[in-house]
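A short worksheet on the structure shown next.
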Amino acid sequence: MNKNYMIYPMKNMRITCRYDEGSHRSHNINVSDNNIDYPIDDAGIDSGRDSIYCPCDSMKVVAIRGIGNPSITNTIWLVSTNEVITPGFVDKVYMTLTHSDDSDIKDLYVGKEFKRGEIICKEGSNGTNANHIHITVGRGYCDTWIENSNHKWIIKGDSKKPEEVFFIDKEFTKVIDNRNINFEYLEEEKIDIIGNPVERDIYKDQVEVLIDNLNLRESYSVNSKKIGYIRKGMYDIKEIRENEGYTWYKVENYYIASNIGWTKFYKKEKYPRLIFTCTSSGKYIIYLKEGSKLYIS
Ligand SMILES: [Zn+2]
């Protein structure tokens, strides 16, 4: 993944309670103060306990509460270390995870950092009856909670609905039950097609691109950044380099690697070539002014 997209953090989505259902209703409906959040419960795969994965490039643990204390339900606060791209905004995000068992999170500590795809914890049954994870998300930073006017403990931050923060990456998450929450799917990364081909100019070294999917790169190396694909057609060559077994041409502002079948090289000609096409029998006469030259190759 090239960009820091925020994706749903579980491999199996099986939402068992929306933010506007059951005990979650009093988190955000008929709340007389402004203390609301939008939790969902996800029970993951039916058997066993599913994992919750780091959903963006990097997140850091900023608070942990409840471990070893039976009167407080285990909850972990994580904040992204950089801005992430969500369906609703680009900013830092927080995520909280509630109900993991003591044994699963005993090694967690404030400051621990997770990279994309690493397991943070598992669903559990701490403070509840059946294995699941209670997830909230929001924009910016958050490391605390508060009891609201409905006597619910809610995560105290700029709370967002999960569909405003998570994309679903269908390569990662299997949607078993989204409980009719309309999540946005992560689009395939778009590949740009770049280049404005020119006419053949016999006074210039040029290269013709023959295929549709030739990579255009920032520099003359297969390890340099891929800018996109170059459009088929003729291009002026600005620079020629040899590297990694390829002849590289700089065209426009970037580089392509040449190869038989991909590209065709046209060397500049010293003099223009005259082509005579006979359309009927007869004589052709070329009149030259004094001092003019005629080259025939
Ligand atoms: Zn819940």
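The values are calculated or read from the model by the stated rules, or taken from the named source; none is laboratory data. Just so it is clear, the model here is predicted, and its values are computed rather than measured. Glycine also receives a Cβ, built like all others from the backbone with ideal geometry; neighbour counts cover every protein chain displayed.
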**Report entry** S51 hydroxyl-bearing (S, T, Y), over 22 Å from G140 (Cα atoms), more than 15 Å from the ligand (Cβ to nearest atom) and surrounded by 15 or more Cβ atoms within 10 Å (Cβ to Cβ)
**Finding:** yes
Report task. Consider R14 carefully, then state whether it is surrounded by fewer than 17 Cβ atoms within 10 Å (Cβ to Cβ) and either assigned to a strand (DSSP E or B) or within 14 Å of the ligand (Cβ to nearest atom) (or both). Result -> no
Requested in this report: Restrict the check to the range 20-42 and report whether at least one residue is buried (at least 22 other Cβ atoms within 10 Å of the Cβ), acidic (D, E) and touching a Gly at 6+ places or on another chain (Cβ under 9 Å).
Outcome: yes
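Per-residue answers, yes or no, for (1) more than 16 Å from the ligand (Cβ to nearest atom); (2) more than 17 Å from C142 (Cβ to Cβ); (3) modelled with pLDDT of 95 or more; (4) in the same structural domain as I154 (by TED's automatic domain parsing):
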residue	(1), (2), (3), (4)
M6	yes, no, yes, no
I45	yes, yes, no, yes
I64	yes, no, yes, yes
V79	yes, no, yes, yes
D91	yes, no, yes, yes
M95	no, no, yes, yes
G111	yes, no, yes, yes
Query raised in the report: With respect to S100, is the statement that it is more than 24 Å from E184 (Cα to Cα), surrounded by fewer than 23 Cβ atoms within 10 Å (Cβ to Cβ) and within 16 Å of the ligand (Cβ to nearest atom) true?
Result: no
Query raised in the report: Can you name the number of the only condition in (1) within 12 Å of the ligand (Cβ to nearest atom); (2) modelled with pLDDT under 95; (3) buried (at least 18 other Cβ atoms within 10 Å of the Cβ) that I135 fails?
Result: (2)
**Report entry** Residues of the range 185-217 satisfying the condition of being exposed (fewer than 14 other Cβ atoms within 10 Å of the Cβ), in contact (Cβ under 8 Å) with a residue 40 or more places away in the chain and over 22 Å from W248 (Cβ atoms)
**Finding:** E189, I202, Y203
Report task. Check off (1) farther than 23 Å from N2 by Cα; (2) surrounded by 12 or more Cβ atoms within 10 Å (Cβ to Cβ); (3) touching a Pro at 6+ places or on another chain (Cβ under 8 Å) for Y295 and give me the number that stays unchecked. Result -> (2)
Query raised in the report: Only one of (1) modelled with pLDDT of 95 or more; (2) within 17 Å of the chain's Cα centre (by Cα); (3) assigned by TED's automatic domain parsing to the domain that holds V137 is not met by P87, so which one is it?
Result: (1)
